[in-house]
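Starting off with a structure, shown below.
The values are calculated or read from the model by the stated rules, or taken from the named source; none is laboratory data. Computed from a predicted structure; not experimentally measured. All Cβ positions, even for glycine, are placed from backbone atoms using ideal geometry, and neighbour counts span all protein chains on display.
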Amino acid sequence: MTIAVSPEFEKATYFKVAYRLIPFLFLCYIVAFLDRVNVGFAKLQMAGDLGYSDAMYGFGAGVFFIGYFIFEVPSNVILERVGARMWIARIMITWGLISSAFMFAGQIHWGPIAGAFGTTDAAFTFYFLRFWLGVAEAGFFPGIILYLTYWFPGARRAKMVALFMTAIGVSNVIGSPVSGAIMQYLDGAAGLRGWQWLFLLEGIPSVIIGFLVFVRLPDGPKTTKWLTQQEKDLIVSRVEEDNADKKHLAGGHSLLDAFKDGRVWALCVVYFCGAVTFYAVSFWMPTIVQELGIDKKDYLKVGLLSMIPWTASVISMVYWGAHSDRTKERRWHSASGFLVKMVGLLILALVPHWPIMSMFALTLVTIGWGAYVVTFWSLPTAFLSSTAAAAGIALINSVGNLGGYFGPDMIGRIRMATGGATEPAFYTLAAVALLGALIILFLPRTELKPAPLKTA
């Protein structure tokens with residue numbers, strides 16, 4: 001079905017949709033990502049209180065992604081069947097509750113269970129909760145990416161994904177000083193340590209917003225009350241046209257098609273490279289910044305300095321996503337982000353104790369990540385649709401995010417083996433970033449051609 005409308009009407013419709021959906025989804029992702037990575041700040045206090053070594057912290061930070069991996073594809077398939085509103089609400093409420101439960105990490109006794117795994121009670125609790133946090137959150141991000149395909153055709157999607165994903169940078173811009181302030185100024189209040197307050201206060205918003213999702217998020221354009229029938233028909237028509245165009249790219253539509261497509265597996269490797277480098281740096285950034293010469297108890301200063309790289313990443317995401325949409329090019333936009341990350345990681349390895357250059361290098365890493373990730377998700381959705389898109393996005397995200405386990409764990413193990421040195425890890429991460437760039441550049445072209453507007 002092709003809908004003929006004026007360019008002005010089409011532009012106004014998509015502005016209306018973006019205005020209604022993106023800020024709310026943006027808020028959801030802010031609290032989601034904050035609950036995922038606030039452990040990096042908690043570690044500054046928590047490790048000493050509970051006896052966590054660098055290796056134990058690195059493993060615990062990364063084990064989140066094991067649970068995430070196992071439940072990612074099933075979660076996204078369930079979302080497509082039961083609807084976005086109900087499933088995204090479930091995800092947010094459960095992860096908020098589990099995130100808050102971390103405040104009891106030093107108070108749960110497992111008896112012989114922890115002993116059987118060769119860990120202390122506190123360490124086993126940390127691993128256990130991180131695993132189940134990954135299970136709870138599985139499906140959220142790929143679910144949102146899938147959800148956006150219900151509303152926006154490919155030529156409009158990169159900018160929307162960019163606006164949504166700036167929440168990662170914004171969550172760190174906001175969360176870094178807030179997390180530092182909570183740990184510094186609430187430490188000892190009501191008999192709780194600062195890291196306990198951190199988990200409690202940053203877990204509650206996810207539960208509250210989860211209930212709001214259930215109340216106000218539409219499952220798709222057809223069930224939306226704030227669109228006119230003509231606006232609904234236009235959105236559905238453009239998405240159907242976009243899906244039909246994907247047939248010319250030899251893309252699939254079924255669940256099996258996603259698993260059989262070599263491009264999907266290549267993108268799994270690319271996303272794995274991205275996750276290895278990103279989470280290695282993000283989970284360890286508070287520690288890296290603190291080791292530049294900041295007082296061990298000045299958590300607020302650590303948070304304020306950590307804002308700088310993340311602010312730069314937000315700018316790069318918005319600019320690069322919009323530039324990719326204007327030029328209708330995806331591969332080089334995404335690959336260039338990896339190359340910028342590689343340069344930043346090499347600088348971190350070469351000048352680890354030079355504060356100004358280290359902050360510059362961290363900024364390059366986050367800028368590169370922002371440039372890569374906002375254009376990356378336009379690659380699989382350019383040739384997959386329907387159930388294949390749901391499964392393919394989830395597969396890429398779940399397999400790729402296993403890198404989130406290996407990156408932080410590798411840094412922890414290297415620091416333990418070298419007495420606290422991180423430079424060998426940065427060289428390894430730079431090589432991983434280069435590999436990600438090369439794979440993207442060798443992928444077949446799937447650039448989008450600008451579609452002519454249908455006019456009345």
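Being free of Cβ contacts under 8 Å to residues at least 24 places away in the same chain and either of a type outside the set (S, T, N, Q) or assigned to a helix (DSSP H, G or I) (or both) narrows it down to one of LEU201, LEU146, LEU163, so name that one.
Values: LEU146 fails: free of Cβ contacts under 8 Å to residues at least 24 places away in the same chain; LEU163 fails: free of Cβ contacts under 8 Å to residues at least 24 places away in the same chain.
LEU201 is the lone residue from the list that is free of Cβ contacts under 8 Å to residues at least 24 places away in the same chain and either of a type outside the set (S, T, N, Q) or assigned to a helix (DSSP H, G or I) (or both).
Just to check your reading of the model, which residue among SER99, SER75 is polar (S, T, N, Q), buried (at least 19 other Cβ atoms within 10 Å of the Cβ) and touching a helix residue (DSSP H, G or I) at 6+ places or on another chain (Cβ under 6 Å)?
Numbers: SER75 fails: touching a helix residue (DSSP H, G or I) at 6+ places or on another chain (Cβ under 6 Å).
The match here is SER99.
Here is a follow-up. Do we have any residue at all in the stretch 271-287 that's in contact (Cβ under 8 Å) with a residue 40 or more places away in the chain and surrounded by fewer than 19 Cβ atoms within 10 Å (Cβ to Cβ)?
From the stretch 271-287, those in contact (Cβ under 8 Å) with a residue 40 or more places away in the chain are 271-287; that's our starting set.
Retained after the next criterion (residues that are surrounded by fewer than 19 Cβ atoms within 10 Å (Cβ to Cβ)): none.
No, because not a single residue in the stretch 271-287 is in contact (Cβ under 8 Å) with a residue 40 or more places away in the chain and surrounded by fewer than 19 Cβ atoms within 10 Å (Cβ to Cβ).
Can you tell me which residues in the stretch 25-52 are part of a helix (DSSP H, G or I), surrounded by 21 or more Cβ atoms within 10 Å (Cβ to Cβ), touching an Asp or Glu at 6+ places or on another chain (Cβ under 8 Å) and not acidic (Asp, Glu)?
Within the stretch 25-52, VAL31, ALA32, LEU34, ARG36 qualify.
Could we say that ARG130 is over 30 Å from TYR14 (Cα atoms), in contact (Cβ under 8 Å) with a residue 24 or more places away in the chain, within 21 Å of the chain's Cα centre (by Cα) and surrounded by 22 or more Cβ atoms within 10 Å (Cβ to Cβ) here?
Details: over 30 Å from TYR14 (Cα atoms): yes; in contact (Cβ under 8 Å) with a residue 24 or more places away in the chain: yes; within 21 Å of the chain's Cα centre (by Cα): yes; surrounded by 22 or more Cβ atoms within 10 Å (Cβ to Cβ): yes.
In short, yes.
Additional query: What number of residues within the stretch 78-92 are within 19 Å of ARG216 (Cβ to Cβ) and crowded, with 19+ Cβ neighbours inside 10 Å? Break it down stepwise before answering.
Taking the stretch 78-92 first, the residues within 19 Å of ARG216 (Cβ to Cβ) are 79, 82-92.
From what's left, crowded, with 19+ Cβ neighbours inside 10 Å: 79, 84-85, 87-92.
Residues flagged as within 19 Å of ARG216 (Cβ to Cβ) and crowded, with 19+ Cβ neighbours inside 10 Å within the stretch 78-92 amount to 9.
Something else now. Look through PHE24, PHE33, PHE15 and report the one residue that is more than 30 Å from PHE102 (Cα to Cα) and hydrophobic (A, V, I, L, M, F, W, C).
Values: PHE24 fails: more than 30 Å from PHE102 (Cα to Cα); PHE33 fails: more than 30 Å from PHE102 (Cα to Cα).
Of the residues listed, the single one that is more than 30 Å from PHE102 (Cα to Cα) and hydrophobic (A, V, I, L, M, F, W, C) is PHE15.
Oh, and also: Can you find even one residue in the stretch 424-444 that is at pLDDT below 80, more than 19 Å from the chain's Cα centre (by Cα) and either among the aliphatic types (A, V, I, L, M) or surrounded by 15 or more Cβ atoms within 10 Å (Cβ to Cβ) (or both)?
As a first pass, look at the stretch 424-444 and keep what is at pLDDT below 80: 444.
Imposing the further condition that a residue be more than 19 Å from the chain's Cα centre (by Cα) reduces the set to 444.
Still in the list and also either among the aliphatic types (A, V, I, L, M) or surrounded by 15 or more Cβ atoms within 10 Å (Cβ to Cβ) (or both): none.
No, every residue in the stretch 424-444 fails to be at pLDDT below 80, more than 19 Å from the chain's Cα centre (by Cα) and either among the aliphatic types (A, V, I, L, M) or surrounded by 15 or more Cβ atoms within 10 Å (Cβ to Cβ) (or both).
Anything in the stretch 395-432 that is outside any helix (DSSP H, G or I) and among the hydrophobic types (A, V, I, L, M, F, W, C)? List them, or say none. It would help to see each step written out before you state the result.
Filtering the stretch 395-432 for residues outside any helix (DSSP H, G or I) gives 401-402, 419-422.
Answer for the stretch 395-432, where residues must be outside any helix (DSSP H, G or I) and among the hydrophobic types (A, V, I, L, M, F, W, C): LEU402, ALA421.
List the residue pairs whose Cβ atoms are under 7 Å apart, where the first residue sits in the stretch 93-118 and is farther than 25 Å from VAL31 by Cβ, the second is assigned to a loop (DSSP other than H, G, I, E, B), and the two are 6 or more positions apart or on different chains.
If the second residue must be assigned to a loop (DSSP other than H, G, I, E, B), the pairs left are ALA114/THR120.
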